[in-house]
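Okay, so here's the structure we're looking at.
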Amino acid sequence: TKILAYHVRDDEQPFIDEWATQHHVQVDSVPYELHDETVDQAKGYDGIDYKQRSVLSQRPDLYRKLHAFGIKQLAIRSVGIDSVNLEWAKQNQLKLTNVPSYSPPAVAELVLTQVMQLVRHIPQFNQRLSQNDYIVNGLRSRELSELTIGIIGVGRIGGTVAKIFHALGATVLGNDLLAPRDDLKGILTYTTKDSVYRQSDIVTVHVYFSEQNRHLIGEPQLNLMKQTAFLINDSRGPVVDTEALITALQQSQLAGAALDVVEHETNIFNLKFDKQTPEPLYNELKKLPNVLLTPHIGFFTDIAVENMVKQSLDDTLAIIEGRQSRHEIKSERT
Ligand code: COI
């Protein structure tokens, strides 16, 4: 059995090697993404494992080719599935899997980090310090026991965020399409989206990306939020209307934001540029003193990366061998 893994970073390789040795399977790695230009590399392999922020292809040909090569599956080495076209995969009998729960704490702990930095005005203090200014005036902060955090999307990650903030004394509100979870009784109060926006001091969003969720948080939602509130987005860039957010921040309609993902991040994910970032939205956001930017690091912990690699390879092998995977994706996630 031979598996090809696309877009492998150096830090993933030891986990791939460990898994390959344990399962007596050959796994070859390539550093580039799976696209029309690189799909031919898949010929001769039994299974494919990939992770990337950009979409595989705008055309069905890539999926047809994989089918023609005799490939039966695509294992996505991430929770997000917005890189793949479900319809074209289905038409070409490619079973899709993702890694839905590689480490909810990896993302939830990033949220905690961002919230504490915003609440304690760390970006503004850093800016003052860079000017040799050690004056604290105007930047007194509140404590978590005074604050309400609102979670849009109470799934595995959102639920973990709820538990962390409840344990630290915050009031936790949430909204989800699915029925209230029993394990969050006494931890999180479910309410409408609008009242999450209205009542929260911090809004954090943990939804899958789908067209329905494009600009889920835009001008109307930002208008509902308190002027003293912070917005956190560690899900997918297009879930937030970035231009509307920039305007709200510039006009002090919002106190600040932390963004691990931003619209068009697919063009800069894990890349380095000699000159300016070729994404105007990033350059605008960098000018704002109350915005914390990170380059999509929510997943980037030792536990998460090990699980992404090993679970996606488990799924690849299961489908190659005609077994079921409990991670099979049958329809769009919202
Ligand atoms: C995900 O798991 O969906 C991520 O955003 C991680 C990234 C490496 C694609």
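The values are calculated or read from the model by the stated rules, or taken from the named source; none is laboratory data. Model, not experiment: these values are computed from the prediction. Please note: Cβ atoms are built from the backbone with ideal geometry, for glycine as well, and neighbour counts cover all protein chains shown.
Would you pick out the residues in segment 208-252 that are within 21 Å of Ala106 (Cα to Cα) and in a loop (DSSP other than H, G, I, E, B)?
Tyr208, Phe209, Asp234, Ser235, Arg236
Given the options Asp28, Asp17, Asp49, name the one that is within 16 Å of the ligand (Cβ to nearest atom) and within 29 Å of Thr301 (Cβ to Cβ).
Testing whether each residue is within 16 Å of the ligand (Cβ to nearest atom) and within 29 Å of Thr301 (Cβ to Cβ) leaves just Asp49.
On the given criteria, is Arg9 out of contact with any strand residue (DSSP E or B) (no Cβ under 9 Å at 6 or more places or on another chain), within 15 Å of the ligand (Cβ to nearest atom) and at pLDDT below 95?
No, not satisfied.
For segment 217-271, enumerate the residues that are of a type in the set (A, V, I, L, M, F, W, C), within 16 Å of the ligand (Cβ to nearest atom) and at pLDDT 95 or above.
Ile232, Val239, Val240, Ala258, Leu259, Val261, Val262
Being basic (Lys, Arg) and loosely packed, with under 11 Cβ neighbours inside 10 Å is the filter here; which residues of segment 119-162 pass it?
Arg140
State all residues of segment 71-113 that are in contact with an Asp or Glu (Cβ under 7 Å, 6 or more places away or on another chain), within 16 Å of the ligand (Cβ to nearest atom) and either at pLDDT below 95 or charged (D, E, K, R) (or both); if no residue qualifies, say none.
If the condition is that a residue be in contact with an Asp or Glu (Cβ under 7 Å, 6 or more places away or on another chain), within 16 Å of the ligand (Cβ to nearest atom) and either at pLDDT below 95 or charged (D, E, K, R) (or both), then Arg77 is the only one that fits.
Tell me the residue from Arg156, Arg181, Arg214 that is on the phi < 0 side of the Ramachandran plot and more than 19 Å from the chain's Cα centre (by Cα), please.
Of the residues listed, the single one that is on the phi < 0 side of the Ramachandran plot and more than 19 Å from the chain's Cα centre (by Cα) is Arg181.
When you look at Asp82, is it assigned by TED's automatic domain parsing to the domain that holds Lys310 and either in contact with a helix residue (DSSP H, G or I) (Cβ under 8 Å, 6 or more places away or on another chain) or surrounded by 14 or more Cβ atoms within 10 Å (Cβ to Cβ) (or both), yes or no?
yes
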